[in-house]
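Asker: Sharing a structure below in structure tokens format, with a few things to ask.
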Amino acid sequence: MALLTCHFFSEALQESTAMTVLLPESAHGQIGMAGSDRSGPPPVLYLLHGLSDDETIWTRRTSIERYVAERGIAVVMPRAGRSFYADEVHGQAFWTFLSRELPAAVQHFFRVSDRREDTFVAGLSMGGYGALKWALREPHRFAAAASLSGALSVTDATQRGMLLAMVPQVWGDQDPEGTDDDLLTLLDRADPATLPALYTVCGAQDPLVAGQEAFVARARERGVPVDAHVHPGEHEWGFWDRHVQDVLEWLPIRG
């Protein structure tokens, strides 16, 4: 894999930002590392970080480069601060950056597929929320979306209070319930026939597991299939390093 750090200016954020990108290569001479012989523009996975992290974290805390090498898939890991991938009330337009600028920048800078069947999104914690929000708001863009230990229920009273205290710039004094930042509301509005495949996984000892259960229950009420999993584990990198491999196995990556 080629590992790139791309610094570029964002009009939406009005500042320079960065993304870490993995691009497949047909390098079979590396000891202990597979390569890919895929021809044509590779599929792309947008892989989102959590609340306390940045665009480097997936490559620092997991073996994501090794896991994707033989699959011939590109991975784009953008920087999103503590934004919950939203246009912040008292901050910056991270939703606009994510949903409009980032895909355009990726297509401009890199030779990757722009077809829906080749485009996926996943993330952990805040990034799991961001991945499913992006998939539910723009289902035409993705073939599949996955959440690992996602903060999926911003309307839960306990979780909402914690989030508003931790990220006061995102929603200010506004309640996200019933808005386009509320995943349960997005499920209520969604046409199940148009949605990408959805996957969730969370640790049984993770405080966010109740939010995943609420999301999955609402999805099933609305006739939206979710491949949902709960495994022993907490909110930590050992869990995510293991289960991102399951996500990659699940993704409908075309040969």
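Coordinate-derived values only; no laboratory data. From a predicted model like this one, the values you see are computed outputs, not experimental measurements. Ideal geometry is used to build each Cβ from the backbone, glycine not excepted, and the neighbour counts take in all protein chains shown.
Asker: If the chain between residue 174 and residue 111 were fully stretched, how many nm would it gain, using 0.36 nm times the residue separation less the Cα-Cα distance?
Answerer: 18.6 nm
Asker: At a 10 angstrom cut-off on C-beta neighbours, averaged per residue, how do the peptides 206-214, 170-178 rank from highest to lowest?
Answerer: 206-214, 170-178
Asker: Under unit Cβ charges (Lys, Arg +1; Asp, Glu -1), what dipole magnitude, rounded to 20 debye, does the chain have relative to its Cα centre?
Answerer: It works out to roughly 580 debye.
Asker: Same structure, new question: Please arrange 55, 15 by how many other C-beta atoms lie within 10 Å of their C-beta, fewest to most.
Answerer: Result, fewest neighbours first: 15, 55.
Asker: Using only alpha-carbon positions, what ratio does the radius of gyration of the range 24-111 give when scaled by 2.2 N^0.38 Å?
Answerer: That ratio works out to 1.27.
Asker: Using every alpha carbon pair in the range 2-250, what percent of pairs falls into each 10 Å bin from 0 up to the bin containing the largest distance?
Answerer: 7, 33, 38, 19, 3, 0
Asker: Quote the charge dipole size of the range 1-120 about the Cα centre in Debye, to the nearest 20; the model charges only the Cβ of Lys and Arg (+1) and of Asp and Glu (-1).
Answerer: Charge dipole of the range 1-120: 260 debye, to the nearest 20.
Asker: Next question. Over the chain, with a Gaussian network built from C-alpha contacts below 10 Å, which listed residue (35, 161, 130) shows the highest mean-square fluctuation?
Answerer: Answer for the Gaussian network model of the chain: 161.
Asker: I would also like to ask the following. With point charges of +1 on the Cβ of Lys and Arg and -1 on the Cβ of Asp and Glu, referenced to the Cα centre of the chain, which listed residue (46, 86, 112) lies farthest in the positive direction of the dipole?
Answerer: The one lying farthest along the dipole's positive direction is 112.
Asker: Also, quick follow-up: Just rank 6, 202, fewest to most, by other beta-carbon atoms within 10 angstrom.
Answerer: 6, 202
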